[in-house]
Amino acid sequence: MNIYIIGLGLIGSSIARAIRKKQLNHKIYGYDIDFDSVKYALEENIIDESFSYENIDLDASSNSLIIVAASPSVSATIFTQLQHLFNIKSLAITDVCSIKNHLLNELSGTNAANIVFSHPMAGSHLSGVESGNEDLFDNKYVLISPFNSEDNAIKIVEDFWRSLDAIPYTIKAEDHDSLLSATSHLPHILVYALLRYLQEKDIQDLEKVSGGGLQSLLRIGSSSPKMWSDIFLSNKNNLTKDIDSIIESLNKLKNEINHESSSLEDLLTSLKNFKEDTL
């Protein structure tokens, strides 16, 4: 199968590396707006060839897969530029975005039967083609959201992720963004809020008075600011509601502490049990 990866950052290059490691019989084409990333990927044998997604020459005799591995706003633009490839039965088109509403809005009114949205539940605070990890998707869930998709397109996408030892899990595209706001985007907001608080508090020798717990918690604060600002703004309606909800939750904990409530330990125990039972 021919694999066309648009975007050779952390996720795109990790996909290519995983294909290589698992010795899958695919030809890997790579594109990135940054030519140095393409050059690096070619020199390191991460991809077989570079390509231009405006002029993809498909082999109709075998299945192909296009993976749009770009930021949310850029991905929406790329999808509109791929419209000439919609409905080709031997081709599936997918993405790796943590936001879907912008894609749904961009594709509204189109009759594309070969688009299947994906979102691998895997990542890193690192970024760029050099940071790719061939094991990134091992035993990780990939959220699959069909978009008027024919069975063959869904099969191409799901089988591909399984070949990388990932686990497809189907959810509705319309539900995706509200779920991910709570489970992914809000945690990043909380880390950035804590970092801002620590910056403003101006603690002398912060590193020396910080334990491993703080370092572990703040790890995702090293993620790409460009990518996460794009995600936050693209999902602002869901995210701002969740921020209001977490402020309410913090205030409830604050009240428990202020009133020296005897139920505080019980509350923390129930939350600990929830974490251990569900995550």
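Assorted remarks:
- Condition check for E54: farther than 26 Å from S178 by Cβ and in contact (Cβ under 8 Å) with a residue 60 or more places away in the chain: no
- Residue check for S64: under 14 Å from the mean Cα position of the chain (by Cα), outside the structural domain of W228 (by TED's automatic domain parsing), of a type in the set (S, T, Y) and surrounded by 19 or more Cβ atoms within 10 Å (Cβ to Cβ): no
- Any hit, segment 96-112, residues being at positive phi, surrounded by fewer than 16 Cβ atoms within 10 Å (Cβ to Cβ) and either without any contact (Cβ under 8 Å) to a residue 12 or more places away in the chain or in contact with a helix residue (DSSP H, G or I) (Cβ under 9 Å, 6 or more places away or on another chain) (or both): yes
Results for (1) farther than 26 Å from G12 by Cβ; (2) touching a Cys at 6+ places or on another chain (Cβ under 7 Å); (3) not in a helix (DSSP H, G or I); (4) not basic (K, R), shown as yes or no for each residue.
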{"residue": "S124", "(1), (2), (3), (4)": "no, no, yes, yes"}
{"residue": "I144", "(1), (2), (3), (4)": "no, no, yes, yes"}
{"residue": "D165", "(1), (2), (3), (4)": "no, no, yes, yes"}
{"residue": "D177", "(1), (2), (3), (4)": "no, no, no, yes"}
{"residue": "H188", "(1), (2), (3), (4)": "no, no, no, yes"}
{"residue": "L194", "(1), (2), (3), (4)": "yes, no, no, yes"}
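- Hey, H84 surrounded by fewer than 21 Cβ atoms within 10 Å (Cβ to Cβ) and assigned to a helix (DSSP H, G or I) or not: yes
- Residue list for segment 147-159, filter: in contact (Cβ under 8 Å) with a residue 12 or more places away in the chain, assigned to a helix (DSSP H, G or I) and among the acidic types (D, E): E158
- Applying the criterion of being among the aliphatic types (A, V, I, L, M) and without any contact (Cβ under 8 Å) to a residue 60 or more places away in the chain to the residues of segment 123-146, the residue that is surrounded by the most Cβ atoms within 10 Å (Cβ to Cβ) is V142.
- The set of residues in segment 230-242 being of a type in the set (A, V, I, L, M, F, W, C) and either in contact (Cβ under 8 Å) with a residue 60 or more places away in the chain or surrounded by fewer than 17 Cβ atoms within 10 Å (Cβ to Cβ) (or both) consists of I231, L233.
- Matching residues in segment 147-185 - criterion: being closer than 12 Å to I93 by Cα, surrounded by fewer than 22 Cβ atoms within 10 Å (Cβ to Cβ) and of a type in the set (G, A, S): none
- Residues (crowded, with 18+ Cβ neighbours inside 10 Å, touching a strand residue (DSSP E or B) at 6+ places or on another chain (Cβ under 6 Å) and of a type in the set (S, T, Y)) located in segment 13-61: Y29, Y31
- Positions within segment 76-89 being at negative phi and free of Cβ contacts under 8 Å to residues at least 60 places away in the same chain, in sequence order: A76, T77, F79, T80, Q81, L82, Q83, H84, L85, F86, I88
- Residues located in segment 80-97, provided they are more than 12 Å from V68 (Cβ to Cβ) and among the small types (G, A, S): S90
The values are calculated or read from the model by the stated rules, or taken from the named source; none is laboratory data. All of these numbers come straight from a predicted model, not from anything done at the bench. Positions of Cβ are generated from backbone atoms using ideal geometry, with glycine treated the same way; all protein chains shown enter the neighbour counts.
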